[in-house]
Amino acid sequence: MRVLVVGQGGREHAICWKLRQSPLVKEIYAAPGNAGIAQVADCVDIGIADIIELADFADSLKIDLTIVGPELPLTLGIVDEFQKRGLPIFGPTRLAAELEGSKVFSKEFMRKYNIPTAEATACNSPDEARDALKKTKFPAVLKIDGLAAGKGVVIVNSVDEADAYLRLVFEDKKFGNAASRILVEEYLTGEEVSFLAISDGKRCIPLAPAKDYKKAFDHDEGPNTGGMGSHSPAVVISGETAAEVMKTIMIPTINGMAEEGRTYTGVLYAGLMLTQNGPKVLEYNCRFGDPETQVQMMRLEDDLAEVCLKVARGNLGDTTKLSWKKEAAACIVTCVDGYPEDYMKGQEVALDPIDDDSVIVFHAGISKKDSKYIVCGGRVANVCARAATLTEALSHAYNAVNKVRYIGARYRTDIGLRALQQKRADSGSFPTFNG
Ligand code: AMP
Ligand code: GLY
């Protein structure tokens with residue numbers, strides 16, 4: 001089988017690494033890939049948004065399966081283009097990907113299908129937003145409608161803070177057209193967890209839940225980032241709650257999308273807040289998480305290529321569940337100081353060898369120039385480890401984190417800490433719900 005992976009981050013490196021273990025997979029191509037991906041796949045210099053070029057490439061090589069990492073090509077309709085040409089591809093169509101591409105659409109969808117989520121008002125102007133804020137308590141959450149690489153959500157504590165953001169959005173047009181509408185949303189409290197499921201449009205099967213740490217600094221302080229670390233099991237979600245999430249959120253979402261004529265295939269990611277009133281959706285993503293995928297791929301027992309091909313063909317067939325290693329996996333993201341705002345690029349990355357098979361460094365923002373590794377993105381490396389318990393996995397990952405060195409390297413030092421402090425920590429209390 002020939003597989004094409006679209007993307008260039010740690011998530012795609014983990015996907016390629018997992019595909020490499022499949023006896024079904026003979027050739028792996030990645031567009032555009034990165035320095036780490038190049039060790040397990042052939043990198044092709046085509047950008048993630050160049051859909052026609054990607055389809056031409058897949059056509060010319062008779063690619064048997066394409067797996068799309070990031071949301072942008074999905075919201076631009078890469079799946080529609082590939083399907084038009086009869087090329088098997090894993091991911092939702094453009095209309096289905098609107099669940100992530102438009103927060104207003106997803107909020108209205110959840111309301112229509114009684115899927116638990118935060119209360120929110122969609123606003124078309126700063127005045128409408130100010131009116132909505134009068135009816136919402138502080139802190140409140142403001143979300144621009146379109147894609148903003150994780151930067152379109154702010155939590156505001158006062159009218160002044162809200163006004164400053166509204167000016168940025170509507171007057172300075174910081175997000176351009178992505179922000180012609182804005183949601184004013186109720187602030188929820190609780191533990192966050194990433195809940196993902198694969199679907200062939202009719203049925204859905206959960207992935208092992210993972211916990212992602214979105215804030216830039218320790219103790220969940222600072223701005224939101226793409227994610228600064230992750231682990232699976234998530235620990236903070238019980239088997240019972242996971243079953244509730246399937247029943248009240250994942251299955252109704254897949255069924256509702258089919259009813260809307262937007263049949264959803266691929267992987268559906270619900271970012272959840274586990275509130276005192278049960279799990280509620282903060283956002284949907286129409287793709288695998290980053291860095292959740294890194295730990296999920298380290299735990300997945302099944303053949304990723306086989307599962308994704310079934311999904312791409314729109315029939316999960318006899319697959320009713322996925323199997324997960326009993327071991328835990330943890331991921332520490334190293335970034336460049338300043339990320340997610342301005343940061344330095346172009347400095348050399350030193351990668352010391354690691355002689356431990358259970359530790360893997362997935363490359364994120366690393367490119368190769370001549371024979372040197374160079375920083376080319378804010379999140380640079382994902383240092384991951386697998387071990388019998390989450391405590392050990394975290395400790396092995398942290399022990400290896402200094403094997404990746406570059407000017408301005410920084411990482412969070414508290415990944416997993418809060419989860420471990422909770423009673424359900426470690427292997428003795430793995431969620432019973434399939435991982
Ligand atoms: P989103 O892109 O919608 O997931 O938002 C990014 C992050 O903002 C989430 O991971 C949460 O940490 C936070 N967030 C979003 N919506 C809410 C909400 N209604 N209440 C509290 N925090 C939120
Ligand atoms: N880790 C968050 C995301 O993939 O959106």
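What 222 nm value per residue comes from the helices of the chain, counting each DSSP H run with n ≥ 4 as -39,500 (n - 2.57) and dividing by all residues, nearest 500 deg cm²/dmol?
-7000 deg cm²/dmol
Give the accessible area for Arg418 in Å² (nearest 10); use a 1.4 Å probe, count only protein heavy atoms, and leave out ligands, DNA and RNA.
For Arg418, solvent-accessible area is about 90 Å².
Would you kindly find the accessible area of Arg11, with a 1.4 Å probe and non-protein molecules such as ligands, DNA and RNA excluded, rounding to the nearest 10 Å²?
Answer for Arg11: close to 20 Å² accessible.
Nearest 20 debye, what's the magnitude of the dipole of segment 1-133 about its Cα centre given +1 on Lys and Arg Cβ and -1 on Asp and Glu Cβ?
Dipole about the Cα centre, nearest 20: 520 debye.
Using the alpha-carbon centroid of each, what span in Å lies between segment 32-66 and segment 99-144?
Taking the Cα centre of segment 99-144 as reference, the centre of segment 32-66 is 37 Å away.
Choose one of Ile354, Ser323, Thr334: the residue whose Cα lies farthest towards the positive end of the charge dipole of segment 297-354 (beta-carbon charges +1 Lys, Arg; -1 Asp, Glu; about the Cα centre).
Ser323
Cα centroid distance between segment 153-226 and segment 67-96, in Å?
So the two Cα centres are separated by 24 Å.
Compute a Gaussian network model of the chain, connecting alpha carbons closer than 10 Å, and tell me which residue from Pro353, Pro340, Pro291 fluctuates the most.
Of Pro353, Pro340, Pro291, the most mobile in the Gaussian network model is Pro353.
Using all C-alpha to C-alpha distances in the chain, build P(r) with 20 Å bins and read off the rounded percent in each one.
Taking all Cα pairs of the chain, the binned fractions are 27, 61, 12 percent.
Out of the total accessible area of segment 344-403 (probe 1.4 Å, heavy atoms of protein only), what percent is carbon and sulfur?
46
If you average 1/r across every pair of different Cα atoms in segment 1-139 and take the reciprocal, what Kirkwood value do you get, in Å?
17.0
Tally up the carbon and sulfur contribution to the accessible surface of segment 184-305 as a whole percent, 1.4 Å probe, everything protein left in place.
45
Roughly how many Å² is the accessible area per residue of segment 313-356, as a whole number, for a 1.4 Å probe?
Here the per-residue accessible area is 55 Å².
Using the heavy atoms of the protein chains alone and a 1.4 angstrom probe, what is the accessible area of segment 115-225 per residue in square angstrom?
Ligands and nucleic acids excluded, the result is 45 Å² per residue.
Counting only protein heavy atoms, what percent of the accessible surface of segment 89-183 is carbon or sulfur at a 1.4 Å probe?
Solvent-exposed carbon and sulfur of segment 89-183 make up 49 percent of the total.
Considering the chain as a Gaussian network with a 10 Å cut-off on Cα pairs, which listed residue, Ala312, Ala234, Ala179, attains the greatest mean-square fluctuation?
Result for the chain, Cα springs under 10 Å: Ala179 fluctuates most.
Calculate the dipole size of segment 305-392 relative to its Cα centre from +1 charges on Lys and Arg beta carbons and -1 charges on Asp and Glu beta carbons; express the result in debye to the nearest 20.
Magnitude of the dipole: close to 480 debye.
Of the residues Met297, Met344, Met273, which exhibits the maximal mean-square fluctuation in a Gaussian network model of the chain defined by a 10 Å Cα contact cut-off?
Met344
Please give the charge dipole size of the chain, origin at the Cα centre, charges +1 on K and R Cβ atoms and -1 on D and E Cβ atoms. Round to the nearest 20 debye.
Rounded to the nearest 20 debye, it is 480 debye.
Rg and Dmax of segment 97-182, using alpha carbons, in Å: what are they?
12.4, 36
The values are calculated or read from the model by the stated rules, or taken from the named source; none is laboratory data. What you see is a predicted model, and the numbers here were worked out from it, not measured in a lab. Glycine also receives a Cβ, built like all others from the backbone with ideal geometry; neighbour counts cover every protein chain displayed. For the accessible areas, the whole protein counts, side chains as well, though only heavy atoms, and no ligand, DNA or RNA atoms are used. Shrake-Rupley method; radii C 1.70, N 1.55, O 1.52, S 1.80 Å.
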